[in-house]
Each structure stands twice: as C-alpha cells, then as structure tokens.
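Visitor: Submitted below is the structure of interest, expressed as structure tokens.
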Amino acid sequence: MDRFEYIEARLFEGENYLKRDKNVKIYDGDDKTQFVDGEVVLTTHRILWGKPGDIPRGLVCLSLHLYYVFCIEEESGGVFGLGGPKRIILHLGPALPGKRPGPAVVSPFHFVKFSFKDGIDQAFYKALTDAVAAKVWERPTPMASPQSPLTATSPNASPKPSVMPVNSKIRSGIVGIERSIEEQHRQTDESITVAFQDLRKLMEKAKDMVAISKNISNKIRDKQGDISEDDTVRFKSYLMSLGIDDPVTRDAFRSDSDYYLGLAQQISDMMVAVLMDTGGIMSLADVWCRVNRARGLELISPEDLLNACKLLQTIGAPMSLRKFPSGACVLQLNSHQDEEIAKTTNELLEANGSLTPEKLSQIAKVSVLLARERLFTTERLGLACRDESIEGLAFYPNLFLREGL
Amino acid sequence: MAEISWPWQYDFPPFFTIQPNTETRAKQLEAWQQLITEYLKTTKQSTIDIRESQNSRLFNNTEINRKLSQEGILTILEDMQKTGRAAPTDKSKNVWEVYWHSLDEWGNLVYNWACNNGMNNSVCTLFELREGDNTVDQEFHGLDMSVLLKALKTLEGKGKCELMEFDDSQGVKFF
C-alpha cells in the first residue's frame, strides 16, 4: 500500500488510457482498506483508483505505478471458489525513495489486491498484464524530465514515478493553494477583458449598423416599384423592431443641447393640437406618455423630456413649461394664462356653488392634480376661497372680497 | 342670553378656514373680529379660552358642520392683539381677554360717566361701577373685573383717577 501515491488524475506525457472498471476494492496485502467501491483506470503507466466520477473530472486519486508490479496473479473469490476469480493480486517491488505521499507511509505487505465485485473482466486482466510486460515507461521520451538525474545512468530507475509528472504542477501546501487562486484570478481577469473588448467593438459597430440599415431602408424607398409592397412592409417592420426609424435620437446630434433643442421642437409640434383639446394645459407626466406613445420606439426618458421642455421658450414654441408652487410641472399653451384659468374656474365655481378638485377634474376633464392647481391659481388671484374640513378641501367663490362686510 | 344676528359669513364654510390669500384673509379676519366682539358684547363676556372655545357656538357652526380650529382662533386673536383689541392673559396664549372697546376707550367711557354724574373727587368702589344701579345703562356695567381694572389703570396713568385698596375691595377716585 505504501507504493501508492496521491495525484491528480491526469495522463502524463506519452501515457495512454487502456481500460477501466467499476466497483473495485483495494486490499493492502490481506487487509481491507477504506478504498472500496471505486473506479479503476488502467493506463500504459499506472493504475488509477478513485471514487466514481473523480477520475474523469481530474480530481486527486490513488495512483500505482506499474513499474512496481513484477508479478500478477488471479485469486479465486467467493466461498468455495464459486463465481470465478474476483481479485487480482499485484506483487510489488520495494518503494522508491522520493515518491509522492500516498495513503500509507509503510506497509508490511509487498502485494496489493484489487477486488472486482462483478468479477474480473478478462479484457482488463489481459490489458494489465500486457501493460506491465510492455514497460512503456522505460522507453525514452523526448519530454524526459531534466529533473531526473537517474534517467541516463540507470535504465531501471528511469521511470521513477516521482519525476514522471512533467507537465503537472506541484500544488501542495499553502503556497500551492495560493498559486492556484492567483491563477484563477488571472484567468477571470482575462476573460473579463476579452468580454469588454467585445462590448466595445459592438458599440463601435452599432453606429455602422444603424447607418447600413438606414441605407437599406432608403434604397427600399427608392425602389418601391421593384419590390413587392409586402416585402417592403415586412422589411420596414424588421427595421422598426430594431429600433431604427427616423426619430430624433441622441446619436444624430453632436451635443446634448442640440438634442434637446430638436426634441423640444418635436414636442412643440406634436403637443399643440393635443393641448388645445385638453384645455391648454397638461401635466408633464401625461405629456411624457403622449410623446412616447407618438414615438412608439426610441422612447425618451422623463429627464430628457423635462430638459427639452425647459428649452421650449428659447425656440419660441407656442407653449411653455410651468412649475406650480406645489412642484407640479405642466405644459401650458401660452394663450392659456393664469387670468384666463382663474376666470373660467371662477365661472365654474359660481355655477356649482362650490368645487372640490375631484369635481372640477370631472367637469373640466383634466386630471385631479391640474384641477387642484387651477383652483389654487384662482385662489391666488383672489377669485376663490378655500374650505378645509374633515370632508376634504373645497373651494367657494370668494364672497369675502365680493360681498364686503 | 341675548341672541345676536349672525353675519352671512357664519354660514359660509370657507369662513372657518383661515384663508391663505392675503387679501382674502384680511377680509376674513376683519369679519371674524367683528363677530367675536359682537358675540362677547352680547353675552357680556371678556375672555376667550382657546382650549374650550371650540365648543362655543361662536366658533362652531353645527348647522354647516364647520368649526374654526384652535390655530385659527389664535391667528384671529393675535391679529386683534396688534390693534389692541385683545391680549393674552397667560404665556401659553390659551386665555385671552377681548376688549370690544380698547382699554383707552373703556377708561374714557368710565371717566365720562363719572364726570356726567358728578362723581369727580369722590370715591366709588369697583363693585359700584360694575354692579351699581347707576351704571345699569352703561356699557361697562357687568364688565369683567380684570378688564375694568386695566382700563382704570390706563386712566390712572393719565392722571384722571387714582386706584385705592380697601380691606376687601378696591375703589377708585376720579379727579
């Protein structure tokens, strides 16, 4: 048992896979060991034993170099010798100095047994004997390790197992762990860098893609006659689904302010009619919904809308952004001034006796928020007075100023 | 208790909300002050306790289910204080004296009455002034003691009378 080594299940240079078997138990001489129900893999150089699935994953497993094996025999298993041979006995030579650590440091036995639960596969047995006879490890390989000083001097010692793992790095102890962590970090770093390179490339290409798509859509427009109506429509819908039409986009402008100016113009153009319909005033939230619905794609953010609306006056639009003392922002037609609002609201107040914001919103078909602002405006101009009670906020015609005392 | 004629504002719900608009609010406060004065005059009261006043008919119109909040009452009273028509009697401004005449006016009223009745250089007790048969038709008849005292003190400051202490009551000598 002291000839076994712990090692990662990897093939050495020049080593080849030969055979595999399952449900294998190892005996140290005649004694049972903890190594039961494992998997063995026979290579040209070694026998590897590991828990099921460990070896294919390259995890650490037990390794016995075939160099040690000088005699192989079968032992018939089972009571009364029934069921055919079940164990292979490997007679081993003395352990070499400097071998890797294994499951046992010393062992009184000079043989180990591999017990096959399902009986010995004759093909496996044959492959094993062949491999031991072939002594592939004795053949000089071009990769012969320079770390093995015995290679040249003694042909017998050349296959010294300790120097066999030419390519496998020694990863034991804290240093080993640290190194492997470092290695992992490096790899992560690399993959991140590569990923971001891809992203940057994609961003660079995005503009070209847009340009190409626009080209194509222009061509389609020109050649409307040649291509069937259906195809044109379908292609356009593809382009649309990619978000490419002709909306005012950030890309199309050099700077933010240009973009906002363009956007402000667009908002002004499309909102005039809408504002007329809704009584000359609309909350910014509603404006945002309307604008984005009109755009369909290439939606703008509320912030962009706000910034654009701030520029409405500079481009001479017939409407302006208005911020009420309460903080509510609205888009308001210039023709729709406070006095007008107060006057119409006052008329409604007179007609109804008193109004709550909710009631006004129903009558004037504006949002409650705006109705409230209207009433506040009217109040500010002295045409209404408020009544705050447990029933809520209501407004009345300002009798204080009209009636006197 | 004599019934007062409630002004139209009393049935106007916004009257019970202090208006934010400056102009409106000035009108509103004016109306309130008139109402308060009128009410106290009719009921012969001089003090308002803000903590209890919300139960009073003055600030609570049960018909339209509106009442003036304590802050509202305080606002009005503080506004009255600026014109000398009310004064808090405690630091927490809970109890207020309301003068439907200013203290000066009260003093003059009393002095005029004294002059007209030949009371110059004679002494009369405050009880006489408040409860006496001679003053039944006077406005200061039944006036709150502390208000009367303050009014007389302003008069004393002008040198028109002198307050004096008796064993169990106070008197005043008019010059």
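Read the figures in this text as sums done on the coordinates, not as results from a lab. Quick caveat: nothing in here was measured; it's all calculated off a predicted structure. Note: ideal-geometry Cβ built from the backbone for every residue, glycine included; neighbour counts use all protein chains shown.
Visitor: Based on alpha-carbon centroids, what's the gap between the range A:318-344 and the range B:92-167 in Å, whole number please?
Guide: Comparing the Cα centres of the range A:318-344 and the range B:92-167, I get a distance of 59 Å.
Visitor: Something else now. Between A:Ser301, A:Thr129, B:Thr62, whose Cα lies farthest towards the positive end of the dipole of the protein assembly as shown when Lys and Arg beta carbons carry +1 and Asp and Glu beta carbons carry -1, centred on the Cα centre?
Guide: Working it through, the farthest residue towards the positive pole turns out to be A:Thr129.
Visitor: Assign unit charges at the C-beta atoms only (+1 for Lys and Arg, -1 for Asp and Glu), then state the dipole size of the range A:250-333 relative to its Cα centre in Debye, rounded to the nearest 20.
Guide: 180 debye
Visitor: Let me ask something additional. Shape call for the range A:1-138 from the C-alpha gyration tensor, a ≥ b ≥ c root eigenvalues: rounded (a/c under 1.5), prolate (a/b greater than b/c) or oblate?
Guide: On the way: a/c = 1.36, a/b = 1.25, b/c = 1.08.
Rounded.
Visitor: Please report, for the Cα atoms of the range A:274-349, the Rg to one decimal and the Dmax as a whole number; what are they, in angstrom?
Guide: 13.3, 43
Visitor: Once chain B is represented by equal point scatterers at the alpha-carbon sites, with solvent omitted, what log10 I(q)/I(0) does the Debye formula produce at q = 0.12 Å⁻¹?
Guide: Taking Cα atoms of chain B as identical point scatterers yields -0.62.
Visitor: For a test of the definition: using alpha carbon positions, the gyration tensor, and the 1.5 limit on a/c, classify the range B:103-174 as rounded, prolate or oblate. Mind showing how you got there, number by number?
Guide: Working: a/c = 1.14, a/b = 1.04, b/c = 1.10.
Taking the square roots of the gyration eigenvalues as a ≥ b ≥ c, the range B:103-174 is rounded.
Visitor: Once phi is turned into θ = phi - 60°, what whole-Hz ³J(HN,Hα) does the Karplus curve with 6.51, -1.76 and 1.60 give for every residue of the range A:40-54, x standing for Gly and Pro?
Guide: Karplus-based 3J(HN,Hα) across the range A:40-54 equals 10, 10, 9, 10, 5, 10, 9, 10, 9, 10, x, 5, x, x, 5 Hz.
Visitor: Taking the Cα-to-Cβ direction at B:Met164 and at A:Thr129 and moving 7 Å from each Cα, how far apart do the two end points lie in nm?
Guide: Label-label distance for B:Met164 and A:Thr129, simple model: 15.2 nm.
Visitor: Turning to a different aspect of this structure: Return the distance in nm (one decimal) between the two label points of a simple spin-label model at A:Val272 and A:Ile315, each offset 7 Å from Cα along Cα→Cβ.
Guide: Simple spin-label model gives 1.3 nm for this pair.
Visitor: For the range A:338-403, taking Cα atoms only, what is the radius of gyration to one decimal and the Dmax to the nearest whole Å?
Guide: In order Rg, Dmax, the Cα atoms of the range A:338-403 give 10.6, 32 Å.
Visitor: Considering the options B:Ala114, B:Leu77, B:His101, tell which one lies farthest towards the positive end of the dipole of chain B, charges being +1 on Lys and Arg and -1 on Asp and Glu at the Cβ, about the Cα centre.
Guide: B:Leu77
Visitor: Normalised by the number of residues in the range B:103-174, what is the relative contact order in percent for Cα pairs under 8 Å and 6+ residues apart?
Guide: Averaging sequence separation for qualifying contacts and normalising by length gives 42 percent for the range B:103-174.
Visitor: While we're looking at this one, here's another question. By count of other Cβ within 10 Å, fewest leading, how are B:Tyr99, B:Tyr39, A:Tyr6 ordered?
Guide: Going from sparsest to densest Cβ surroundings: A:Tyr6, B:Tyr39, B:Tyr99.
Visitor: Using the basic label-point model (7 angstrom from Cα toward the beta carbon), what is the A:Asp121 to A:Ala195 distance in nanometres?
Guide: Label-label distance for A:Asp121 and A:Ala195, simple model: 4.1 nm.
Visitor: Order these peptides, A:366-373, A:330-337, by their mean beta-carbon neighbour count within 10 angstrom, highest first.
Guide: Ranked from most to least packed, the peptides come out as A:366-373, A:330-337.
Visitor: Once you've got the GNM for chain B with C-alpha springs shorter than 10 Å, pick whichever of B:Asn121, B:Asn134, B:Asn65 has the biggest mean-square fluctuation.
Guide: B:Asn65
Visitor: Taking 51 Å as R0, compute the FRET efficiency from the Cβ-Cβ separation of A:Ser180 and A:Ala211 and round it to 0.05.
Guide: The formula returns an efficiency of 0.60 here.
Visitor: Which of B:Trp6, B:Leu149, B:Phe16 sits closest to the plus end of the dipole of chain B, meaning its Cα is farthest towards the positive end, when Lys and Arg get +1 and Asp and Glu get -1 on the C-beta?
Guide: Among B:Trp6, B:Leu149, B:Phe16, the one farthest towards the positive end of the dipole of chain B is B:Phe16.
Visitor: Then there's this: Run the dipole for the protein assembly as shown about the Cα centre, Lys and Arg Cβ at +1, Asp and Glu Cβ at -1, nothing else charged, and hand back the magnitude in debye, nearest 20. Present the calculation step by step, with values, prior to reporting the outcome.
Guide: On the way: 68 positive and 81 negative charges, 680 e Å.
Once rounded to the nearest 20, the dipole reads 3260 debye.
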